[in-house]
Structures are given as C-alpha cells and as structure tokens.
Amino acid sequence: MTEPAAATERAAVRKPGAVRGRGERSPLASVALHATLIGASVIAVFPVLWVLLTSIKPAKDAISTDFVKDPTLENYRYLVESTSFFTWFANSVLVAGVTTVLGVFIAATTGYAVSRFRFPGMKPLMWTLLVTQMFPMAILIVPLYNLMGQLGLLNQPVGLIITYLTIAVPFCAWMMKGFFDTIPVEIDESGRVDGLNPFGTFWRLILPLARPGLAVTAFYSFITAWGEVAYASAFMVGDDNLTLAGGLQTFVTQYTANWGPMTAASVLIAIPAAIVFVFAQRHLVAGMTAGATKG
C-alpha cells in the first residue's frame, strides 16, 4: 500500500478525540475561518454595491437607506447629456496613458541601471528615491504648484503628468530594482557575448523576463494618475481641462450635493480601472508561470 493511501486509511479510521495531524483544522475552526472570510468579503463589497445602487436611484431617494424601489438610468442620462463627462474622461485617458507609458519606461530603465551598474552617486540616487516616498502628498502641493506656475504648466496636462511621475516613478524604480536583482546576471553576460550593447541586452533579453514587474508598475502608474484628486483639483480648472477626479467635485457645492450623477460617474470611472487591473493581473500570472517553467 502506498504512503498516501495508508495516510488516507488511517485518517478514515481515526477515533473521535484522537490527536489531529499537523495542518488539520477542527470543524469549529473551519466554520470560524469561513465566517470571517465571508464577513470580510461583505465589508469589502458593500460600499461598491451601495454606490452602484445609489446611481440607479431616483434623485429623491439618493440618500435614503432603502434599496432601489424604482430603478432609473436618469442619473447616467444627465451625466452624459448635461455635463462635460466625456471631456473629463478624455483628459483622464490622456494624462493616465502618458503617465503609465513614461512611468514604466523611466522606472524600468532606472531600476535596471541601479541593479546592474555601479556609478558615482548611485547610493544618493536610491536614497533620494526612497526619501521622496516619506512625504505626504498634501505638503507637496504648494511647492509643486509654485514650480509648475513658474514653468507655465498650470492648467496643462503636461504639468499634471510630470507631477504624477514624481509620485509613481520613485516607488516603481525601487520595485523594479528588486525584480531585476532576481534575474541572473549571466543573462546579461550572454547578451554581451552575442554582441548586444547594454540597452540591447536590457530591451531584448531582460524586459521579456520582467513582465510581472512591468505589469505591476503599469498598474500602479495608471491608478496613481486615474484616481488622484488633490493635484488634479489644485492644478486644473475649467470644464475643458478637468480630469474625472476634478469633475466629480463639481457635483458637490458648499450647500448641496448631487449624489445621483456623482455616483453614476463613480461607476463609470471604475470600469477602466477594473479593466486595467484584469489586464495587469493576467499578465502578472502569465509572466510568473512562464518564468517558473524556464529551464
């Protein structure tokens, strides 16, 4: 009899009250674990579900605690026909898209450089990237606002893109450095033997192996630019220049809040972020699987 079969037979004939093996849970522990997981899932999903339900409520029931009685798409119609939603959406796509592309490129090249090369000022550079993450975003608004004003980049997508890169690149560069450190240096050496220059080695040999890190970097850069509110509100004014985050604030004034269209906009804003997450997750898992099966 094989060992797994013998273990299964011993488990089947185990008497009540016998000592459990390592890693086995009692029925009570299993119930408690599943109850905890279900409770955590409900807590996580409830706010999203409530926003979705509020977006299809009539205006008079927007702040009621009742579930939907008379569902309507009036909030979505008002959002599309009576606001500059599509202009805000286009501005956000432009800012987030450019931030993602530049963020991935700068973070990947920076991470590869500090992982593979030794040059004067490398340690101060890495410390600078780390220290920039210690400052709350709120205290950087004023100096960045003054700097963008002096450069004439206020109320310009370029200024917002540069600002978001200052947030995303330091963290992503550190993350990419750690990822490149796990890739054997022998791959670089084989590239040089084949006549590739450092950039050719990076582009043709290392980047294909770094897909999981690139996917996470792209997702982080996109989310940084897509959902950010503070800088978008401070640096951009006017309906033609607002991003989605800034546009949401137009539904809330000092005295009133138009919850219906605001929740409808929130639902539509979440869709691209969810698509990017699914795309990044798929490539992350595929990249890790491919890397694990390489000989």
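Any read-out appearing in this document is the output of simple, stated calculations on the displayed coordinates, not a laboratory observation. All values reported here derive from a predicted model rather than from experimental measurement. When we count neighbours, we look across all protein chains shown, and the Cβ atoms used for this are built from the backbone with ideal geometry, even at glycine.
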Least to most buried among SER190, SER266 (fewest other Cβ within 10 Å first): SER190, SER266
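Please give the calculated 222 nm ellipticity per residue for the chain, where each DSSP H segment of at least 4 residues contributes -39500 (n - 2.57) and the sum is spread over every residue; nearest 500 deg cm²/dmol?
-22500 deg cm²/dmol
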Karplus-derived HN-Hα couplings along the range 49-66 (A = 6.51, B = -1.76, C = 1.60, θ = phi - 60°), whole Hz, x at Gly and Pro: 5, 5, 4, 4, 5, 5, 5, 10, 8, x, 4, 5, 10, 4, 9, 6, 8, 6
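How do GLU74, GLU189 rank when sorted from fewest to most other Cβ atoms within 10 Å of their own Cβ?
Least crowded to most crowded, the residues run GLU189, GLU74.
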Estimated inter-spin distance, SER41 and ASN146, nm [label 7 Å along Cα→Cβ]: 5.2
Computed over the range 82-292: relative contact order in percent, which uses C-alpha pairs under 8 Å that are six or more apart: 34
The range 148-183 and the range 80-140: distance between their alpha carbon centers, rounded to Å: 2
Protection-proxy order for peptides 255-262, 149-156, 38-45, each taking the mean of Cβ atoms within 10 Å per residue, highest first: 255-262, 149-156, 38-45
Computed magnitude of the charge dipole of the chain (debye, nearest 20; Cβ of K, R +1, Cβ of D, E -1): 1000
For the chain: span of alpha carbons on each principal axis (Å, largest first): 76, 64, 31
FRET efficiency, ARG118 to ILE275 (Cβ-Cβ, R0 45 Å, nearest 0.05): 0.65
HN-Hα J in Hz across the range 194-206 - Karplus 6.51, -1.76, 1.60, θ = phi - 60°, x for Gly and Pro: 7, x, 7, 7, x, 5, x, 4, 4, 6, 9, 10, 7
